[in-house]
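Read through the structure below, which is laid out as structure tokens, and then see the notes.
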Amino acid sequence: MDETGLSLDDFDFELPEHLIALRPAEPRGSARLICGTPPGGISFHHIRDLPDLLDGDDLLVFNNTKVIPARLRGVRAGPNQSGQVELLLLQPLNGEATIWVAMAKPLKKLTAGSKLQFGPVTAEVLGRIDEQTCRVSFQWSHQGWQADLDEFGLMPLPPYIERKRSADRQDHFDYQPLLARYPGAVAAPTASLHFDEALMNALSDKKIRSCEVTLHVGAGTFLPVKEDVSKHKMHEEWGEVGAAAMEEIRLTKARHGRVVAVGTTVMRILETVYAMDPLPSNFAGPTNIFLKPGSQFHVCDGLVTNFHLPRSTLLMLVAGFAGTDFVQKLYREAVNEELRFFSYGDASLLWKQKI
């Protein structure tokens, strides 16, 4: 499909408010799973059934990024300043993580030199970058920035959850994947949230292999497409695919197994790398790949993913992978069966459409 023929209406749907999940399923294995095989096969399961839906030659690829408690709530301090302030830290600008790019509320009341206080941590606004972000300098405690954020920061829940309830300490556990290793994400790779120790053990017993890549998920993952699809510019995220993961993928393909991306973030970094010619032995760097109907999918055969926002680039990725008509049908079935949607919701296992 030519991207100039894409309509935002193809990626829109009505969702009853009560289907937006505000907490994950407990236990995790009780979350529901819809399996989709284009052009028409749909079946209903639970996440705990995943080992029975995969083969021993298949490879699951996980994102090992770790979500940082990047939301800070504090006050404006100093002469002639008062009132509450909220920051969402997006990325550090130096190796010591003392200067960050951040989204701020209320940004219009912050100017260069504004002093901020978050518990015992002080900060200063260095200046605005654009209408949404600014640069902020922090004086972290002797514990360091990660320990301070763990103590005083909140998990950066998606806006559709934040509108219904505030983040709390439970989200430090709920919004962090089991395989989280490398801090840097400000949004969770939500498909990974379904995988607990019991499921990982069951997959291992079935001899289903796994490997890890990294993509530090940015806040832009929640942004809807507001203009013509062909003109949409993707946000940039940093990722890494190491030599060990590349070798696991090579061996899987050699034995005619299937590479299954656990989440759209994994698919984005894998398809970034495997679109390269020549194929590198490993990769570390930024990606702003926009996968959608009409895109080529070079390496991924399957995708485990949650149900995404209307008009989002994530939904477009899923439609590009499994087919727009099929995904529209799948989402209608998910709504009719009252599956739970978005970050804390239920999941799907989708297989690549055959073209």
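The values are calculated or read from the model by the stated rules, or taken from the named source; none is laboratory data. Worth saying up front: this structure is predicted, and the values here are computed from it rather than measured. Cβ atoms come from the backbone with ideal geometry, glycine included; neighbour counts cover every protein chain shown.
Within the bounds of region 188-196, is there any residue that is within 14 Å of the chain's Cα centre (by Cα), part of a loop (DSSP other than H, G, I, E, B) and touching a residue at least 40 places away in the same chain (Cβ under 8 Å)?
Let us first name the residues in region 188-196 that are within 14 Å of the chain's Cα centre (by Cα), namely 188-194.
Those still in the list that are part of a loop (DSSP other than H, G, I, E, B) too: 188-189.
Filter once more, keeping what is touching a residue at least 40 places away in the same chain (Cβ under 8 Å): 188-189.
Yes: one or more hits.
Being among the hydrophobic types (A, V, I, L, M, F, W, C) and either part of a loop (DSSP other than H, G, I, E, B) or farther than 24 Å from PHE326 by Cβ (or both) is the filter here; which residues of region 270-298 pass it? Working first, answer last.
Applying the first criterion (among the hydrophobic types (A, V, I, L, M, F, W, C)) to region 270-298 yields 270, 273, 275-276, 279, 283-284, 289-291, 297.
Matches in region 270-298: VAL273, ALA275, MET276, LEU279, PHE283, ALA284, ILE289, PHE290, LEU291, PHE297.
Quick check on HIS194: is it in the same structural domain as VAL299 (by TED's automatic domain parsing) and in contact with a Gly (Cβ under 7 Å, 6 or more places away or on another chain)? Full working, then the answer.
Details: in the same structural domain as VAL299 (by TED's automatic domain parsing): yes; in contact with a Gly (Cβ under 7 Å, 6 or more places away or on another chain): no.
No, not satisfied.
When region 11-37 is examined, which residues are found to be within 26 Å of ILE355 (Cβ to Cβ), in contact with an Asp or Glu (Cβ under 9 Å, 6 or more places away or on another chain) and either at pLDDT below 95 or of a type in the set (Val, Ile, Thr) (or both)?
Correct list: ILE34 only.
Can you name the residue in region 299-327 that is hydrophobic (A, V, I, L, M, F, W, C) and assigned to a loop (DSSP other than H, G, I, E, B) and, of all such residues, is surrounded by the fewest Cβ atoms within 10 Å (Cβ to Cβ)?
So the first thing to find is which residues in region 299-327 are hydrophobic (A, V, I, L, M, F, W, C), and the list is 299-300, 303-304, 307, 309, 314-319, 321-322, 326-327.
Applying the additional criterion that residues be assigned to a loop (DSSP other than H, G, I, E, B) yields 299-300, 307, 309.
Values: VAL299: 17, CYS300: 21, PHE307: 27, LEU309: 22.
Across region 299-327, the extreme among qualifying residues is VAL299.
Collect the residues in region 297-351 that are under 20 Å from the mean Cα position of the chain (by Cα) and among the charged types (D, E, K, R), keeping them in residue-number order.
Filtering region 297-351 for residues under 20 Å from the mean Cα position of the chain (by Cα) gives 297, 299-322, 327, 331, 339-351.
Listed by number, the residues that qualify are ASP301, ARG311, ARG340, ASP346.
When residues of region 104-113 are filtered for being in contact (Cβ under 8 Å) with a residue 12 or more places away in the chain and either more than 17 Å from GLY83 (Cα to Cα) or not aliphatic (A, V, I, L, M) (or both), how many remain?
5
Can you find, within region 65-122, the residue that is surrounded by the fewest Cβ atoms within 10 Å (Cβ to Cβ) among those that are in a loop (DSSP other than H, G, I, E, B) and touching a helix residue (DSSP H, G or I) at 6+ places or on another chain (Cβ under 6 Å)?
Pass one, region 65-122, residues in a loop (DSSP other than H, G, I, E, B): 68-70, 78-83, 93-98, 106, 110-114, 119-120.
With touching a helix residue (DSSP H, G or I) at 6+ places or on another chain (Cβ under 6 Å) added as a condition, the list becomes 68-69, 97, 119.
Numbers: ILE68: 22, PRO69: 24, ALA97: 19, GLY119: 13.
Per the stated criteria, the residue is GLY119.
I'd like to verify a number: residues in region 236-249 that are out of contact with any strand residue (DSSP E or B) (no Cβ under 8 Å at 6 or more places or on another chain) and loosely packed, with under 15 Cβ neighbours inside 10 Å, how many?
So in region 236-249, the residues out of contact with any strand residue (DSSP E or B) (no Cβ under 8 Å at 6 or more places or on another chain) come out as 243, 246-247.
Now narrow it down to the ones that are loosely packed, with under 15 Cβ neighbours inside 10 Å: 243, 247.
Of the residues in region 236-249, 2 are out of contact with any strand residue (DSSP E or B) (no Cβ under 8 Å at 6 or more places or on another chain) and loosely packed, with under 15 Cβ neighbours inside 10 Å.
Give the residue that is nearest to ARG255 (Cα to Cα), with candidates limited to residues of region 19-60 that are over 23 Å from the mean Cα position of the chain (by Cα), part of a strand (DSSP E or B) and among the small types (Gly, Ala, Ser).
My answer is GLY41.
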